[in-house]
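Some notes on the structure that comes next.
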Amino acid sequence: MPTPGQLMFARRLGPTARLLIWLLIGVSCVVIDVRFQALEGLRSGFSLLLQPVRQVLRAPGDVATELSGFFTRHRQLQKERDALLAERARLAVGVNTAKELTRENAELRALLQLQARPGQRTVRAALLYRGHDWFAQRITLDQGATAGLRSGLPVVDARGLVGQVHRVYPGSSEVTLVSSPEQLTPVFVERTGQRGLAAGSGQGRLVLRYMPAQTDIRPGDRLLTSGIDRVYPAGIPVARVNRVSRSQANPYLRVECLPMAGLDRSRAVLVVVAEPQVTKP
Amino acid sequence: MTTPPHAAGNWRRILGTLTLAVLLEQLPWSGWMLAVRPDFVLVVLLFWTLHQPERLGFGTAFFLGLLADFQDGAVFGQHAIAYVVGGYLVLYLRLRLLQFDPSRQAMQLFPVLLSVQLIALLIGWLAVNPPAGLTMLLPVLSSTVLWYAIAGFLRLLHGKGMQDRA
């Protein structure tokens, strides 16, 4: 029983009560975010606040890279130049063929009176920050809505598909990597044309799902985007088959692939901004 | 209550270290550095919760947790809840922790940090891959009812009170 001089209630709630209140707020936060996606404004606010900081903090690393690049030995540069010259010669041949094919393609399309494909624009973006989430592998780029990005766009680097834009902020954007768990990419096997679905499996790998046991597929095969989902343009390299194994219990093959793009190395990427397709009646 | 003379300095120190921790997390970590990167913000938060519990409340912990959620692109609330629980655990163990030398303190903090990580993991998992429904919580309810039934039955059986403390 409280004595007359004593306060009936403590002026401040006890730690356990405060914990419970905050837990309740936390749970409602989770529910609001997951069920109603209503906290994107807060995300944008954090992004506006932190993006300049990240830009600045990236600078020391950039300077270090510049400096180490400056001191690269002359010999190595020469070697690289020779290799590049050789590669240029090889590519020139390819370019000529491609030009031929483009012309031929245009003619054939005209013949078939097909609509030319809508123009594609690419936006150069640099890696700003690497997320540390357990459920998805994401990176943050330094380009956002102001550069015309929207969520769903494909992101590529020089070697292949990096991922898909997931969230867009005014000056930055989050990209889900192809190797992120549950990230699906429609692909086809370059050698045979067999279509399939590549899913990220975490740890920087992909698996090709639902391949019947008699499928002709072997290690070394390249997987390209098939383009049937209208999200990715067709023909972007996605992954190379690393290991194929059959199991007695499973009617499907287990096909493990390694992504082509330098998911943990690339610092500069391109976002392919496809103009929305306008269908005329 | 009188305010200590160096109160302003303390505030500055708390804010300064927290800002530093947030800035450290903004560095473009990658590869194995990212994998072993300590959670600077959490450590600083727990440190000040231990030494200045009247200045850092659950609200600060919650806000910093939201910031961590933004940084990882995770579900909002995942780290917020975990940080709040971490703060509570440190408050709970405070008097005990303050008696130890640094090495033992670190050892005692290991389970706290582990539980923070596990809570964030659990909440993220529940939010991203929700189980079939909240029906998984029904056994909790039925078990409670069962407890009531057993306790009530035993009480009836033994007369009016099984008061252990007598």
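FYI, it's all coordinate maths here, none of it is from the lab. Quick caveat, the model's predicted, so the values are computed rather than measured. Glycine gets a Cβ as well: all are built from the backbone with ideal geometry, and neighbour counts include every protein chain shown.
Overview of results
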quantity: Principal-axis tilt of helix B:40-51 within chain B, Cα atoms, nearest 10 degrees; calculated: 70
quantity: Signed unit charges on C-beta, dipole axis of chain A, positive-most listed residue A:VAL272, A:ALA17, A:SER179; calculated: A:ALA17
quantity: Shape of segment A:91-232, Cα gyration tensor, a/c cut at 1.5; calculated: oblate
quantity: A:GLU87/A:TYR210 FRET efficiency (R0 60 Å; Cβ-Cβ; nearest 0.05); calculated: 0.95
quantity: Most mobile of B:ALA80, B:ALA106, B:ALA127 in a GNM of chain B (Cα contacts under 10 Å); calculated: B:ALA106
quantity: J(HN,Hα) series, segment B:57-69, from Karplus relation 6.51 cos²θ - 1.76 cosθ + 1.60, nearest Hz, glycine and proline x; calculated: x, 5, x, 4, 4, 5, 4, 5, x, 4, 4, 4, 4
quantity: Segment A:84-99 - phi-based ³J(HN,Hα) in whole Hz, Karplus 6.51/-1.76/1.60, Gly and Pro as x; calculated: 5, 4, 4, 5, 5, 4, 5, 5, 4, 4, x, 5, 4, 4, 4, 4
quantity: Three-way shape label, segment A:57-112, alpha-carbon gyration tensor, a/c 1.5; calculated: oblate
quantity: Chain A, dipole about Cα centre (Lys/Arg Cβ +1, Asp/Glu Cβ -1), debye to the nearest 20; calculated: 260
quantity: Sorted largest first, extent of chain B alpha carbons per principal axis (Å); calculated: 65, 48, 30
quantity: Selection from B:GLY65, A:ALA38, A:GLN143, by position along the positive dipole direction of the protein assembly as shown (Cβ); calculated: B:GLY65
quantity: Counted charge near A:ARG43, where neighbours are those whose Cβ lies closer than 15 Å (Asp, Glu -1; Lys, Arg +1); calculated: -3
quantity: Reciprocal mean inverse distance between Cα atoms of segment A:194-281 - Kirkwood radius, Å; calculated: 14.7
quantity: Listed residue (A:LEU48, A:PRO251, A:VAL162) projecting farthest to the positive dipole end of the protein assembly as shown, Cβ model; calculated: A:PRO251
quantity: Around A:PRO186: net Lys/Arg minus Asp/Glu count, Cβ-Cβ under 12 Å; calculated: +2
quantity: Semi-axis lengths (Å, descending) of the ellipsoid that matches the C-alpha gyration tensor of the protein assembly as shown; calculated: 52, 31, 21
quantity: Max mean-square fluctuation residue, GNM over chain B, Cα-Cα springs under 10 Å, options B:LEU50, B:LEU137, B:LEU95; calculated: B:LEU137
quantity: Whole-number Å³ per residue for the convex hull built on Cα positions in segment A:18-64; calculated: 111
quantity: Cleavage-rule hits (chymotrypsin sites (Phe, Trp or Tyr not before Pro)) in segment B:78-110: DSSP loop, at most 16 neighbouring Cβ within 10 angstrom; calculated: B:PHE100
quantity: Helix-only mean residue ellipticity at 222 nm for the protein assembly as shown, each DSSP H run of n ≥ 4 adding -39500 (n - 2.57), per residue, nearest 500; calculated: -16000 deg cm²/dmol
quantity: Förster-model FRET efficiency, 35 Å R0, A:GLU80 and A:ALA145, C-beta, rounded to 0.05; calculated: 0.40
quantity: Cα-based helix-to-principal-axis angle, A:15-36 vs chain A, degrees rounded to 10; calculated: 30
quantity: Tilt relative to chain A, helix A:40-70 - C-alpha long axis, 0 to 90 degrees, to 10; calculated: 50
